[in-house]
Amino acid sequence: MAAQPSIFARIAAGEIPCQKVFENDLLLAFLDVNPLAEGHTLVIPKRAVERLGDLTAQEAAEFGRQIPLLARRIMTATGAPACNILQNDGRAAGQEVPHVHFHIIPRREGDGLGFRWKPQARSREELEALAARIQSLP
Ligand code: 5GP
């Protein structure tokens, strides 16, 4: 049985309304329904794709082209001086909707949003071995 279309696939198909901020042949951007900050925007491929690595090169390039332009417009519109751009790729990384999406989240000094980074010390040898392994993969 085919999987149910995700909420974002239904938004892309126009079945569910959204507050659209940008659209072209490949991508759609709309305001997050539960924003972390005013102007919190989601950018999705129109094609139903769950993981970042499943994007075509053309879709990936289009994200690269459009996200900087969208971020600039969103900061201008909201007056925010900064933004976070993030993409939760997979459930363990916090992805709740199984359709690729980039968050553009306007940020201001003292806005209280934050990240729980817990850096871990690693030896240079470990880092070099891992970097070499990643480089060797297709
Ligand atoms: P994730 O945790 O998957 O990276 O983020 C999912 C995001 O989608 C959340 O920020 C959530 O508020 C947003 N979201 C979930 N359902 C809807 C919806 O129906 N409409 C809109 N505009 N945003 C949604």
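Numbers below:
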quantity	calculated
Trypsin sites (Lys or Arg not before Pro) restricted to segment 57-138 and DSSP loop, no more than 13 other C-beta within 10 Å	R116, R122
GluC sites (Glu not before Pro) restricted to DSSP loop in segment 45-138 with at most 13 other C-beta within 10 Å	E96, E109
At R0 = 25 Å, FRET efficiency that the Cβ-Cβ distance of D111 and Q135 yields, to 0.05	0.10
Percent accessible area from carbon and sulfur atoms, segment 36-100, protein chains only, probe 1.4 Å	53 percent
Candidates per chymotrypsin sites (Phe, Trp or Tyr not before Pro) in segment 41-138, loop by DSSP, up to 14 other Cβ within 10 Å	F115, W117
Under the Debye formula (equal points on every Cα, no solvent term), log10 I(q)/I(0) of the chain at q = 0.10, 0.13, 0.15, 0.20 Å⁻¹	-0.42, -0.68, -0.85, -1.23
Rounded accessible area per residue of segment 71-138, 1.4 Å, Å²	79 Å²
Efficiency of FRET from Cβ geometry, N88 and E126, R₀ 35 Å, rounded to 0.05	0.85
Ellipticity estimate at 222 nm from DSSP helix runs (n ≥ 4, -39,500 (n - 2.57)) divided over the chain, nearest 500	-9500 deg cm²/dmol
Dipole magnitude of segment 13-136 about its Cα centre (Cβ charges: Lys, Arg +1; Asp, Glu -1), debye to nearest 20	280 debye
Label-point gap, in nm, between Q58 and Q4 - each point 7 angstrom along Cα→Cβ	3.1 nm
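The values are calculated or read from the model by the stated rules, or taken from the named source; none is laboratory data. Predicted model, so just to flag it, every value in this text is computed and none were measured. Ideal geometry is used to build each Cβ from the backbone, glycine not excepted, and the neighbour counts take in all protein chains shown. Note: accessible area is taken over every heavy atom of the protein model, side chains too, but ligands, DNA and RNA are not part of it. Shrake-Rupley method; radii C 1.70, N 1.55, O 1.52, S 1.80 Å.
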